[in-house]
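Right, I'll just put the structure down here and ask away after.
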Amino acid sequence: MNISLVTLATDNLPYKEASSSNKKAYCEKHDYNFVSFSESLDEGRPTPWSKIKAMEEVLDGNKMGYETFHTDWAVWIDADAFIMNDEIKLESFINKEYDMIIALDCFTVNTGVFFLKNTENSKEFLSKCYEKTHFSTHPWWEQAAVIEYLNEPNGLKVKTLHQREFNSYPSVLKEITNSDWTKTKHQLFFNNRKLAEEGSYEEGDFILHFAGFKSQEDKLESMKSYGING
């Protein structure tokens, strides 16, 4: 099975080097493709939207510039998500019966880390999400489009997992989160405090995702508390 770990870290991120080296070392250990983008793939939208375009390029190996490039599964990981337990392999989450594997957080699915099988269903999912331009400046960016798509009739086979399987959050987030709800078009999503508690990182967890911070300074301080230096 050919698996690609995909990320994007722009030069303005103070933790870019730490993020890239963390993921590259993991891929070298387990013989995964490490695909790293360093700039936005669409200057007309906020950078987080580029994860959709990046995943499209990886699933369509012809766009990668290598004639023989092919991946069976592409795994997206945000730049501010770090692999904390490199003994855990990506294969342990893969189920060939599904097109997409994603974890839930205290609101709903979170696109900081997700798996896509190289299928036509997955490619259509990415294409249709990118067409949802009414979410271009939504506070959740591409995630709002993904949520709307997943709640529409479609052929995508999705498996959802507990957050701590591969998308744990710092424990401090359950204390600083002050948003009780958000919405995507006609849907409301409420902050489930119990799930926030259950999703907090514990030693031995696979991935620690520093999502939800109000500033880069706060994010960097939290990273340092877990031994990650930007």
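The values are calculated or read from the model by the stated rules, or taken from the named source; none is laboratory data. Note that the structure is a prediction, hence the values are computed from the model and not measured. Cβ sites come from the backbone with ideal geometry, for glycine too, and all protein chains shown count toward neighbours. Note: accessible area is taken over every heavy atom of the protein model, side chains too, but ligands, DNA and RNA are not part of it. Shrake-Rupley method; radii C 1.70, N 1.55, O 1.52, S 1.80 Å.
Which pairs in the list 29/224; 53/128; 29/53; 53/123 are over 22 Å apart, alpha-carbon to alpha-carbon?
Long pairs (Cα-Cα over 22 Å): 29/224; 29/53.
Separate question: Within the set of other residues whose C-beta is less than 13 Å from the C-beta of residue 215, count the net charge using Lys and Arg as +1 and Asp and Glu as -1.
-2
Skipping prolines and chain starts, which residues have an amide H placed within reach, meaning under 5 Å, of the one on residue 161, given they are 5 or more residues away or on another chain?
The answer is 102, 103, 104.
Separate question: What size of dipole, in debye to the nearest 20, comes out for the chain about its Cα centre when the only charges are +1 on Lys and Arg C-beta atoms and -1 on Asp and Glu C-beta atoms?
Rounded to the nearest 20 debye, it is 400 debye.
With each run of n ≥ 4 DSSP H residues scored as -39500 (n - 2.57), what mean residue ellipticity at 222 nm is computed for the chain after dividing by its residue count and rounding to the nearest 500 deg cm²/dmol?
It lands at -8500 deg cm²/dmol.
Something else now. With a 10 Å cut-off between alpha carbons and a GNM built on the chain, which of 18, 81, 144 moves the most?
With Cα springs under 10 Å in the chain, the top fluctuation among 18, 81, 144 is at 18.
Compute the signed sum of charges (Lys and Arg +1, Asp and Glu -1) over the other residues within less than 9 Å, Cβ to Cβ, of residue 164.
-4
Over the stretch 1-158, with the other protein chains present, what is the accessible area per residue in square angstrom, probe 1.4 angstrom?
Using a 1.4 Å probe on heavy atoms only, each residue of the stretch 1-158 averages 45 Å².
Also, quick follow-up: Provide the FRET efficiency to the nearest 0.05 for the residue 121-residue 31 pair, computing r from the beta carbons and using R0 = 25 Å.
Computed FRET efficiency for residue 121 and residue 31 comes out at 0.40.
At residue 215 and residue 1, where each label point lies 7 Å from the Cα along Cα→Cβ, what is the point-to-point distance in nanometres?
4.3 nm
How do the peptides 44-54, 132-142 rank, highest first, by the average count of neighbouring beta carbon atoms within 10 Å per residue?
My ranking of the peptides, most packed first, is 44-54, 132-142.
Then there is this: What FRET efficiency comes out for the pair residue 16/residue 202, r = Cβ-Cβ distance, R0 = 25 Å, nearest 0.05?
After rounding, the FRET efficiency stands at 0.40.
Just checking my list (1) 1, 6, 11, 13, 13, 12, 10, 9, 8, 7, 5, 3, 2, 1, 0, 0; (2) 1, 7, 14, 16, 16, 14, 11, 9, 7, 4, 2, 1, 0; (3) 1, 6, 14, 19, 22, 19, 12, 5, 1, 0 against P(r) over Cα pairs in 5 Å bins from 0, in percent computed from this structure; which label fits?
Entry (3).
Report the residues of the stretch 94-115 in range of a label on residue 159: point 7 Å along Cα→C-beta, backbone N strictly under 16 Å from it.
94-104, 114-115
If you don't mind, there's one more thing I want to ask. For the stretch 1-53, calculate the relative contact order in percent as a whole number, restricting contacts to Cα pairs under 8 Å that are 6 or more residues apart.
43 percent
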